[in-house]
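Working notes for the structure below.
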Amino acid sequence: MTDLTQNPTSGDRVKRFLKDYYIYLVLILVVVVLSTANLDKFPLFERGNFLSERNIINILRISAPILTLAGAFTLLMISGYIDLSVGSAMSLSAVVYAMLVINGVPFLPAFVATVLLGVLLGAINGFLVIRLKITPVIATLITLSLYKGIALLLVEDGVSAIKSGGDLKMPGWFNDYGRDGVLFGLPWAFWVAILVTIAMIIAQDRMKLGKYAAATGGNPTAAKLSGINTARTVILLYVLVGVCAALAGIARSSFMSLGDPLSGDGMELTAILVVLLGGTAFSGGEGRVLKSFIGALIIMSLTVGMLTLVPAYFQTLVVGTALLLAAASNHLVSRRDSEN
């Protein structure tokens with residue numbers, strides 16, 4: 001019998017190529033379709049088409065939160081775990097950051113305090129899942145409600161968000177991190193997202209954390225027998241996700257000029273979608289941070305395009321359909337690989 005692993009046919013090579021590079025082909029397809037859809041007729045693109053410099057900068061600017069989250073979320077899912085509380089953690093971080101700044105705390109102390117809050121939120125998730133042995137979905141659904149409830153409690157009754165009003169004013173520099181262009185027309189939040197993504201790629205390819213995450217997700221029992229502290233690995237990954245959620249919250253708060261307790265709603269679904277779209281196995285053990293990053297760019301490009309072409313109520317259906325297709329294709333690929 002012919003060994004296809006040693007003598008691959010042209011069909012096998014095509015399948016391998018598509019598996020390795022499909023995400024880049026999808027990105028190219030999305031850009032081509034949107035750039036030829038006459039979007040310049042719509043208000044958001046009135047100064048140029050989809051590929052105009054202004055529009056590209058806008059997409060990258062609003063992509064900062066999900067780009068920041070994608071890498072750490074990928075490593076967590078590679079380990080076989082999931083965090084459904086990232087949206088609420090992001091909202092709580094946005095509220096806390098805005099509250100600190102509007103009350104006179106300078107940027108750096110407010111930034112560090114919010115990041116430390118992210119460490120705490122991630123550690124709580126890790127404790128519930130690893131130490132109390134609560135199923136990840138249940139544990140993070142609990143903290144989803146908990147973190148969102150705290151965010152809502154921090155906002156004064158009758159006010160929708162922490163924002164300028166009365167004697168309290170946001171300082172002029174508040175938008176610099178998340179919205180105003182400071183380097184090549186892009187805010188610091190975007191460049192922080194790039195640095196975080198690079199750090200996650202290095203962690204996956206060059207550090208024990210990435211190898212331990214893959215081993216934990218691929219075969220937890222074998223990982224433990226080989227001496228890997230899987231509990232510590234998963235807790236650390238939850239902490240990393242918490243930190244990235246806090247950074248995303250800071251970016252969103254700065255972009256919106258307020259601390260909205262609902263600003264992270266739906267981010268957990270978006271994070272899952274970009275990670276599945278990037279080819280990460282939902283069951284764990286396989287995935288690439290870079291592909292999730294590309295997946296995030298695809299989703300944000302489609303989101304911006306839909307803002308002009310699709311009614312708001314229909315966008316949720318589109319996202320849900322995309323999530324279904326991503327999950328289904330992910331399952332089929334994983335099943336095929338296991339059969340082979």
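The values are calculated or read from the model by the stated rules, or taken from the named source; none is laboratory data. Worth saying up front: this structure is predicted, and the values here are computed from it rather than measured. All Cβ positions, even for glycine, are placed from backbone atoms using ideal geometry, and neighbour counts span all protein chains on display.
Things to note:
- Hey, GLY264 part of a loop (DSSP other than H, G, I, E, B), touching an Asp or Glu at 6+ places or on another chain (Cβ under 8 Å) and at pLDDT 85 or above or not: no
Yes/no matrix, rows are residues, columns are (1) under 25 Å from SER292 (Cβ atoms); (2) at pLDDT 95 or above:
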site: LYS15; (1), (2): yes, no
site: THR36; (1), (2): no, no
site: PHE42; (1), (2): no, no
site: SER52; (1), (2): no, no
site: THR68; (1), (2): yes, yes
site: ILE82; (1), (2): yes, yes
site: ILE102; (1), (2): no, no
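- Inside the range 83-92, residues that are outside any helix (DSSP H, G or I) and surrounded by 24 or more Cβ atoms within 10 Å (Cβ to Cβ) make up a count of 2.
- Test: residue in the range 276-297 that is assigned to a helix (DSSP H, G or I), free of Cβ contacts under 8 Å to residues at least 60 places away in the same chain and surrounded by fewer than 17 Cβ atoms within 10 Å (Cβ to Cβ): no
- Taken as a whole, the structure places VAL234 among residues that are of a type outside the set (S, T, N, Q), within 19 Å of LEU132 (Cα to Cα) and in contact with a Phe, Trp or Tyr (Cβ under 6 Å, 6 or more places away or on another chain).
- Selection of the range 172-203 for residues being of a type in the set (Gly, Ala, Ser) and out of contact with any Gly (no Cβ under 8 Å at 6 or more places or on another chain) yields GLY172, GLY178, GLY181, GLY185, ALA193.
- Condition check for ASN219 on (1) in contact (Cβ under 8 Å) with a residue 60 or more places away in the chain; (2) among the polar types (S, T, N, Q); (3) touching a helix residue (DSSP H, G or I) at 6+ places or on another chain (Cβ under 8 Å): one failure, at (3).
- Taken over the range 93-126, the residue count meeting the criterion of being part of a loop (DSSP other than H, G, I, E, B) and without any contact (Cβ under 8 Å) to a residue 60 or more places away in the chain is 3.
- Of the residues screened, TRP173 is not one that is farther than 24 Å from ILE82 by Cα, surrounded by fewer than 20 Cβ atoms within 10 Å (Cβ to Cβ) and under 21 Å from the mean Cα position of the chain (by Cα).
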